[in-house]
Amino acid sequence: METVKKMWSDALAILEIEASAISFDVWIRPLDAVDIEGDKMILMAPTEANVAAINNQLRPLICEVLHRVNPLISDIELRLPTAAAAPKSAPEKEEPEPEKPKKVHPGFDSCMINPRYTFDNFVVGKCNQLVVAAAKAVVMTPGTLYNPLFIYGGVGLGKTHILHAIGNAIRQNDSDLKVMYISSEKFVNEFIEAIRSNGGAGAFREKYRSVDILMIDDIQFISKKAGTQEELFHTFNDMCQANKQLIFASDRAPKEIPDIEDRLRSRFEWGLIADIQPPDLETRIAILQKKAQLEKQNVPPEVLYFMAVHIDKNIREMESMLNKVVLLSKLYDKPVDLALAEEAFKDYDAPTEEAIGADDIIDNTCKYFGITREDILGKKRDKKIVEPRQICIYLISEMLPLPLTSIGGIMGGRDHTTIMHAKNKIASAITKEERFRNAVQDIRDMIYNK
């Protein structure tokens, strides 16, 4: 057994490098090597979702890495814990048991979780796939794998949708679990009201600590509210000790929330911190397509493209603009077309991709990293210059409709293979390292807030 564990440990060290961060953390790391049978390593998977993900996407990579670790191993067999794997036997045909009534939990009615927000109608792209994978893992085993789950990202990128989707999925899996979704503003107001009334503090604690899953949206608003932070800290400890799940959403990472106690910030960082990036062009188009389908509207591809190009940071704003185009179509009794979309956008003055030039991206990248234009466009190979240069190339390729050869010319006369290498390297790095994700997002924010 010790040999099996050692072999799997060696394989994990390689897989952590060769698999994507999402695939490794969510699907591979939870596997447990239990035996070897012939040329197969037997791996115990915690859930059917793990088995499906491995078989559909990751099996060849795992087998190849294991074969490198030990040439006698060429395959894997995935197994579930006996209770999960055993098929349910058909019940004997006696008198049917009366259906158990669903438990009703006072104060936890379904209006707190919006049934419209589900995983099925959430569009997944590179910008949010880590968050979605982590959220689904929490649904499968709340209170164990990622506790707390801390989701952060800009306004209108889908954080609230994800929280409600988690709530809906958990309630569907087990209606006995008590799920609470609340905004931090309401949490703060209820706490203030509780401490003003006799016996209110005890009732407040009972309300929130008795739930199985507590989700607090816009948690950044507890900044400077010392009393609320104190109460949340103790609620956090109480729930974690009872293996209850906590999920927070914020517009920024825990380390960037000002004026909160270090001990509470540390608690936020205990589990998994996952960020949602602004969606790329393909994902924005897919979001608009999904929205149009749900609303049973026929929107031509060129209109979807036009809208996706003009709004690239705020999904909520993008969906609102689609509603405006559809409304104009009904008012004018005209089909949705490009002319109608252009009319809808005539008063829209948000920054667009066309309004941004390569100089904006270069200058803001230099400002962010504290280097000069001569550094970033020159031939220096220092790491402190190379990484900013590659990030700049990535941003230009993502934000401007330019061929690689043109980007190479802008970036000091570099050839297209150098540009492609830099673009691909940063595209990979932002899926694995938070510092790259933060740099890309911060520079984008600087560009749009100029």
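Here are some notes:
- Considering the range 44-53, the residues that are among the hydrophobic types (A, V, I, L, M, F, W, C) and out of contact with any Leu (no Cβ under 6 Å at 6 or more places or on another chain) include one that is nearest to Asp10 (Cα to Cα), namely Met44.
- The requirement of being in contact with a helix residue (DSSP H, G or I) (Cβ under 8 Å, 6 or more places away or on another chain), part of a helix (DSSP H, G or I) and under 23 Å from Gly154 (Cα atoms) is not satisfied by Val325.
- Among the residues making up the range 159-210, those that are farther than 22 Å from Gln229 by Cβ and of a type in the set (A, V, I, L, M) are Ile162, Ala165, Ile166, Ala169, Ile170, Leu177, Val179.
- Counting only helices (runs of 4 or more DSSP H) that fall entirely inside the range 332-431 and contain at least 2 residues that are polar (S, T, N, Q), the qualifying elements are 358-369, 383-399, 404-410, 416-429.
- All positions within the range 94-117 that are modelled with pLDDT of 85 or more and crowded, with 16+ Cβ neighbours inside 10 Å: Ile113, Asn114, Tyr117
- Checking Leu214 against (1) more than 21 Å from Asn121 (Cα to Cα); (2) surrounded by 20 or more Cβ atoms within 10 Å (Cβ to Cβ); (3) in contact (Cβ under 8 Å) with a residue 40 or more places away in the chain, the condition it does not meet: (3)
- Count - residues of the range 126-144 that are outside any helix (DSSP H, G or I) and crowded, with 17+ Cβ neighbours inside 10 Å: 4
- Residue among Met239, Met215 that is touching a Phe, Trp or Tyr at 6+ places or on another chain (Cβ under 7 Å), of a type in the set (A, V, I, L, M) and assigned by TED's automatic domain parsing to the domain that holds Phe122: Met215
- Conditions (1) at pLDDT 50 or above; (2) surrounded by 12 or more Cβ atoms within 10 Å (Cβ to Cβ); (3) within 25 Å of Val139 (Cα to Cα); number of the one not met by Ala84: (1)
- Among the residues of the range 11-66, those that are charged (D, E, K, R) and in a helix (DSSP H, G or I) comprise Glu16, Glu18, Asp25, Glu48, Arg59, Glu64.
- The range 381-412, subset touching a helix residue (DSSP H, G or I) at 6+ places or on another chain (Cβ under 9 Å) and surrounded by fewer than 13 Cβ atoms within 10 Å (Cβ to Cβ), residue farthest from Gly357 (Cα to Cα): Asp382
- Close pairs (6 angstrom Cβ cut-off, 6 or more residues apart or separate chains): within 14 Å of Lys330 (Cα to Cα) in the range 288-307, at pLDDT 85 or above anywhere: Gln297/Val326; Val299/Ala292; Val299/Val336
The values are calculated or read from the model by the stated rules, or taken from the named source; none is laboratory data. Just so you know, these numbers come straight off a predicted model, no measurement behind them. All Cβ positions, even for glycine, are placed from backbone atoms using ideal geometry, and neighbour counts span all protein chains on display.
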